[in-house]
Every structure is written in C-alpha cells, then in structure tokens.
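The structure appears right after this line, and notes come after that.
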Amino acid sequence: MPKALRTDLHKLASTTNVVVALLPIAFFAAGYFVSFYFHFLTVASFFLLIVNFFYRHVQKEHSILRNFGLLGQGRYLIESLGPEFRQYWFMGDREERPFNRLERAEVYRKAKNVDSVVSFGSLMEYDANEIKLRHSMFPTPVSRRKPYRLTVGEERGVKKPYVLTKPFMVSGMSYGALGSHAIRAIARGAAAAGIPMNCGEGGYPKYHFMEDADIIFQLGTAKFGVRNKDGDFEPEKLQEIAANPQVKMVEIKFSQGAKPGKGGMLPKEKISKEIAEMRGVKMGEDAISPPYHKECSDLPSTIAFIDRIQKLVDVPVGCKMCIGSLDEFKDFVQECIRQDVFPDWISVDGGEGGTGAAPKTFIDYVGMPLFPALHGVVKILVELGVRDRVKVFAAGKLINAARQSIAFALGADAIYSARGFMLALGCIQSRECGANTCPVGITTQNPKLQAGLVIEDKAKRVKHYIENTLHDLDEVVVAIGKSCPTELTVDDLFIPSVCNLYQMVENEPGLRKPLQDLRSNQ
C-alpha cells in the first residue's frame with residue numbers, strides 16, 4: 001500500500017487521546033458561554049476521558065487498550081461483531097459451519113410450515129464428489145407403502161416394550177444445557193407430532209415431564225438424578241423415575257460425539273440454584289461429569305452394568321456411544337455374546353455431533369464421523385450374527401431427510417437429532433451455547449433472554465419441522481422404490497470413489513495431468 005494511504009495508528013491514537021482530553025474543556029466552555037445544554041456533552045466527554053484513562057493507565061490485562069486507549073476498544077468491538085458480519089454479509093450460502101445458511105433455511109421453512117421448494121438448480125456440488133441417493137425408474141405405488149413401526153425391547157421380551165411409529169426422535173438435551181422454555185417447547189411439539197424425546201443427562205426431567213411427550217431417560221456418567229450425596233448410583237431412584245408412565249426407555253450414555261472420552265460439561269454460568277439442587281452439584285463451579293461410568297472399568301464390567309440396569313427396570317435399556325475404534329466395538333459385541341447380554345439398542349453418535357460446551361480439540365478432532373462409524377457398527381453386528389438382537393439409532397447432523405436417508409441406507413433403524421430441533425426453535429447459530437448468553441433464549445438460564453421464547457408458538461414450529469421432515473423422508477423413500485426407510489440399503493447410495501473420478505475425467509484434457517499425478521502417488 002502506498003505510504004500516503006497508510007493509517008499511522010500510533011499517531012491516530014495520540015491525536016485521539018489529546019482530543020478526548022480537550023473535549024470536556026471545550027464543551028464546558030461552550031456550556032458556560034453559549035448554552036447550558038452543552039453541559040450534557042461535557043458530562044459524556046468527561047466519562048470518555050475517565051474510561052480512556054482507565055484503559056491506558058490502570059488496567060493491565062490488554063496491551064492494545066494500554067497503547068491505544070479508546071481507539072483500541074474499536075478492535076475488540078469489531079472482533080466481537082465478526083461472526084455476525086461474516087454470517088450475514090460476507091459468507092456464501094454454503095460456507096458456514098457447522099450448518100450453512102442453506103441447511104438452516106431449510107429447517108426454518110419446515111418449522112414455519114412454509115413450502116421449501118427451490119428453483120433454478122442445486123447449489124450443492126453435483127460433480128460425483130458427494131454421496132447421492134439412487135432413485136428408481138419405478139417409484140413405489142401408494143398400495144405398496146408401509147407404515148413405519150419399530151418395537152424396541154422385543155428381543156429381550158421386556159415387560160414394557162416401546163413401539164416407535166415414526167423414525168425420528170429428539171436426541172439428548174438436558175435442562176441446564178437448554179432453558180426450561182426450550183425444553184417445554186420441544187417436548188410439547190414432540191408430543192403433538194408423536195415422537196419421543198431424550199431428556200439428556202441432566203437429572204430428574206422436571207420440565208420434560210410438564211408436557212405429554214414420551215421420555216427416554218438418559219443415565220450419564222455422573223448419575224445425575226439417580227445418585228446419592230456421594231455421587232454414587234442409587235438404584236431405587238432409577239426405578240422411581242422409570243416407573244413414571246412417561247418414561248418409555250432408559251439410555252446409558254458411554255460417550256457423545258461432541259467430546260468422546262470426556263464427560264458432560266455444564267459451565268458454571270448456567271448453573272442456577274434449581275439446577276444445582278436437581279443435579280446435586282455446587283453453584284459457582286463447572287459441573288464436569290466423569291469420562292466413564294465408575295462401574296465400567298473394562299468390557300466385562302461394562303456389559304455387566306448394562307445387564308444390571310436392564311434387570312432394574314421394566315422398560316427397554318440401550319446405550320449411546322461415539323465410535324473411536326471399530327476393533328474395540330467388535331470386542332464390545334463379542335463380550336455381549338459371551339455374557340449373552342445385549343443393549344436393546346445402540347445409539348451411534350458421530351463425532352460431528354454436539355449441542356453444548358466441549359473443548360475445541362475434542363469437537364474438531366476426536367471421534368469417528370457418523371457415516372463410516374454407522375456402516376462399521378452394522379457390518380460388525382451382521383458379521384457376528386447378532387444384528388437381529390440390537391436396534392441401531394443414528395445421530396450426527398441428521399437435520400434433514402437427505403442425510404437421514406443416507407443413515408437408513410447404512411443400517412440405521414431410527415434417527416436422532418438435537419440441533420435440528422434447536423434450529424426449529426429459532427436458533428441463529430450464534431454459538432454461545434456455553435456462555436448463558438443465547439440471544440434467542442434457547443441455551444440460557446437467563447429469565448430475561450428466555451422470555452423471548454414463547455412456548456406455545458415454538459412448540460408449533462417443532463411439530464411442523466417433524467411432520468415436514470418426515471414427509472420429505474417418505475417422498476425420498478418412495479422415489480428410491482422402497483416402501484419404508486428401513487428397507488434402504490447401501491446399494492441405494494451413489495458413493496464416490498477414485499474409480500468414479502477416473503471415469504469422469506478421462507476425456508477431459510484439462511484434468512488429465514492432475515489425474516496422472518494422482519495415480520502416480522498411489
């Protein structure tokens with residue numbers, strides 16, 4: 001940049017400091033000699049002078065503020081607004097993470113019950129680099145369509161098996177991670193649409209129970225809701241919760257996609273007095289769950305723990321895990337075979353999952369992605385001859401019918417989603433879930449912020465989102481030529497491979513050289 005066009009920030013800051021010091025004097029003089037009303041500006045400029053003095057000579061934490069004063073504050077202001085500027089002004093429709101604008105808009109439109117038809121072609125990459133769904137020349141006629149029905153617990157002959165009549169469920173979100181208004185809105189919408197809701201590991205599901213939704217109680221590593229004062233598991237409390245007619249299943253959480261290998265985390269900012277009492281934790285301290293159940297030190301004790309929980313309650317009992325090693329999972333299944341104890345279902349959570357607080361390294365780098373993990377889990381169950389003894393649920397960014405169809409084709413029996421329902425409530429992806437400052441009142445315990453979330457209105461949005469997503473799923477299944485989502489197989493997917501790319505570019509001169517380089521490096 002030419003020197004004449006450069007801004008010398010040091011000189012600008014020095015000038016700003018001088019101007020800030022002179023303004024109170026100038027406005028005071030104007031107030032004295034011209035008009036009394038200038039004294040209002042005298043007060044405001046004197047306040048700026050004090051703030052500038054504090055930044056430059058008192059506080060020691062920020063070097064930029066000590067060097068540049070009020071001018072330096074502009075840097076922090078711009079930085080704090082950066083995500084909003086990028087989100088609404090600069091980023092393209094497909095650039096944002098974890099959900100781009102197109103994905104969010106699809107959920108918003110479904111939640112508002114607005115037609116989500118688009119025009120003029122796809123904005124996705126249609127170049128054989130993405131998994132696509134194979135349609136059939138002969139879509140399924142109406143007479144051959146089958147209603148979805150999945151009975152959980154039938155393999156074990158539990159006293160109270162649970163029948164899923166829709167292949168969509170609300171994944172684990174606790175009171176604490178979400179505010180009470182959000183919990184009740186999702187629960188009410190789920191009940192109206194006829195799907196169950198997982199209450200997460202937050203303890204006694206007080207606000208989940210306020211609506212009529214069927215509840216999946218999640219047993220986390222900290223045993224919230226079913227532990228004594230020492231934090232140890234108390235079987236009687238679990239039996240009491242499971243006896244509630246709304247509780248249809250119990251899920252043992254071994255790990256989750258956001259932070260596999262670590263326990264749940266609830267930042268201290270979100271722990272109210274009520275939450276502290278419900279979880280049995282202290283206020284003013286982060287609630288960090290253990291990374292594993294103390295009863296589960298190895299595979300034999302882990303399977304024995306599943307068996308113990310199954311014998312305590314009359315409802316189906318399954319488990320949730322993010323896959324780190326398929327070899328380790330195979331050992332898990334072999335131990336199930338040895339003890340003749342199987343969870344009624346396994347929820348496979350992809351490493352791309354996550355609704356709450358987690359260390360960045362774990363969010364970005366730990367845990368297998370859902371699709372290869374799901375395919376590997378189902379393949380192992382089939383190879384070991386026990387696929388018919390275990391249902392498989394899938395979770396991990398399954399907010400729309402396209403990804404849900406892929407999950408079914410890879411072997412899922414039902415679908416979990418969490419962030420899809422947060423988006424249905426109006427989440428704008430501000431990513432302040434762990435700071436208790438959620439601007440739309442979903443992931444906060446601040447009553448003033450929660451007041452903006454009207455339960456009755458948002459419950460309708462949740463219901464619409466469920467119904468419209470399932471409608472899309474049904475249309476996709478029909479187009480593929482199947483009568484039910486569980487009939488989808490890997491053969492219904494177009495999965496890119498290097499061979500596909502070879503064939504695609506063989507006759508493209510501009511791509512031959514890169515292709516030759518690719519081959520030579522293999």
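Considering only residues of region 84-142 that are aromatic (Phe, Trp, Tyr) and at pLDDT below 80, which is surrounded by the fewest Cβ atoms within 10 Å (Cβ to Cβ)?
Kept after step one, since they are aromatic (Phe, Trp, Tyr), are these residues of region 84-142: 85, 88-90, 99, 108, 120, 126, 138.
Pick out the ones that are also at pLDDT below 80 and you get 85, 88-90, 99, 120, 126.
Numbers: Phe85: 11, Tyr88: 10, Trp89: 7, Phe90: 9, Phe99: 19, Phe120: 5, Tyr126: 10.
Result: Phe120.
Output the residues belonging to region 302-328 that are surrounded by 14 or more Cβ atoms within 10 Å (Cβ to Cβ) and either farther than 17 Å from Glu251 by Cβ or in contact with a Cys (Cβ under 7 Å, 6 or more places away or on another chain) (or both).
Thr302, Ile303, Ala304, Phe305, Ile306, Gly324, Leu326
So Lys206 ticks every box in (1) loosely packed, with under 14 Cβ neighbours inside 10 Å; (2) over 23 Å from Gly420 (Cβ atoms); (3) among the basic types (Lys, Arg) but one. Which box is left unticked?
Among (1) loosely packed, with under 14 Cβ neighbours inside 10 Å; (2) over 23 Å from Gly420 (Cβ atoms); (3) among the basic types (Lys, Arg), Lys206 violates only (1).
For region 242-298, name all the residues that are part of a loop (DSSP other than H, G, I, E, B), surrounded by 22 or more Cβ atoms within 10 Å (Cβ to Cβ) and among the basic types (Lys, Arg).
Matches in region 242-298: Lys259 only.
Output the residue which, of all residues in region 339-351 that are in contact (Cβ under 8 Å) with a residue 12 or more places away in the chain and part of a loop (DSSP other than H, G, I, E, B), is farthest from the chain's Cα centre (by Cα). Can you show your working first?
Filtering region 339-351 for residues in contact (Cβ under 8 Å) with a residue 12 or more places away in the chain gives 339, 341-351.
After this cut, where a residue has to be part of a loop (DSSP other than H, G, I, E, B) as well, the list is 341-344, 350-351.
Working: Val341: 31, Phe342: 27, Pro343: 24, Asp344: 24, Gly350: 11, Gly351: 11 Å.
Here the residue is Val341.
Looking only at region 293-324, count how many residues are in contact with a helix residue (DSSP H, G or I) (Cβ under 9 Å, 6 or more places away or on another chain) and among the hydroxyl-bearing types (Ser, Thr, Tyr).
Count: 1.
Does Thr165 satisfy the condition of being modelled with pLDDT of 95 or more, closer than 30 Å to Asp472 by Cα, over 25 Å from the mean Cα position of the chain (by Cα) and of a type in the set (S, T, N, Q)? Lay out the reasoning, then the answer.
Working: modelled with pLDDT of 95 or more: yes; closer than 30 Å to Asp472 by Cα: yes; over 25 Å from the mean Cα position of the chain (by Cα): no; of a type in the set (S, T, N, Q): yes.
No: the conditions fail for Thr165.
What pairs can you find where one residue is in region 352-367 and under 24 Å from Gly179 (Cβ atoms) and of a type in the set (A, V, I, L, M, F, W, C), the other is outside any loop (DSSP other than H, G, I, E, B) and at pLDDT 75 or above, and their Cβ atoms are less than 8 Å apart, with a gap of 6+ or different chains?
Final answer for the pair search is Ala357/Met265; Ala357/Leu266; Ala358/Met265.
Please count how many residues of region 376-399 are surrounded by fewer than 24 Cβ atoms within 10 Å (Cβ to Cβ) and farther than 25 Å from Ile306 by Cβ.
Total meeting the criteria: 1.
Pick out the one residue from Phe224, Phe254 that is touching a strand residue (DSSP E or B) at 6+ places or on another chain (Cβ under 7 Å), on the phi < 0 side of the Ramachandran plot, assigned by TED's automatic domain parsing to the domain that holds Pro316 and not aliphatic (A, V, I, L, M). Walk me through how you get there before you give the answer.
Working: Phe224 fails: touching a strand residue (DSSP E or B) at 6+ places or on another chain (Cβ under 7 Å).
Residue meeting the stated conditions: Phe254.
Yes/no matrix, rows are residues, columns are (1) in contact with a Pro (Cβ under 6 Å, 6 or more places away or on another chain); (2) surrounded by fewer than 23 Cβ atoms within 10 Å (Cβ to Cβ); (3) in the same structural domain as Thr165 (by TED's automatic domain parsing); (4) more than 28 Å from Val158 (Cα to Cα):
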site	(1), (2), (3), (4)
Leu374	no, no, yes, no
Ala401	no, no, yes, yes
Asp413	no, yes, yes, no
Tyr416	no, no, yes, no
Asn436	no, yes, yes, yes
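Does Leu398 count as assigned to a helix (DSSP H, G or I) and closer than 22 Å to Gly257 by Cα? Before the answer, list the steps.
Working: assigned to a helix (DSSP H, G or I): no; closer than 22 Å to Gly257 by Cα: yes.
So Leu398 does not fit the description; no.
Take region 238-263 and flag every residue that is basic (Lys, Arg) and modelled with pLDDT under 95. Walk me through it before giving the result.
Going residue by residue through region 238-263, those that are basic (Lys, Arg) are 248, 253, 259, 262.
Within region 238-263, Lys259, Lys262 qualify.
Any residue at all in region 439-461 that is outside any loop (DSSP other than H, G, I, E, B), in the same structural domain as Cys199 (by TED's automatic domain parsing) and β-branched (Val, Ile, Thr)? Step through it out loud before you land on a result.
Taking region 439-461 first, the residues outside any loop (DSSP other than H, G, I, E, B) are 447-450, 455-461.
Next, only the ones that are in the same structural domain as Cys199 (by TED's automatic domain parsing) stay: 447-450, 455-461.
Applying the additional criterion that residues be β-branched (Val, Ile, Thr) yields 455.
There is at least one residue in region 439-461 that is outside any loop (DSSP other than H, G, I, E, B), in the same structural domain as Cys199 (by TED's automatic domain parsing) and β-branched (Val, Ile, Thr).
The values are calculated or read from the model by the stated rules, or taken from the named source; none is laboratory data. Just so it is clear, the structure is predicted and the values come from calculations on it, not from any experiment. For neighbour counting, all protein chains shown are included, and Cβ atoms are generated from backbone atoms with ideal geometry for every residue, glycine included.
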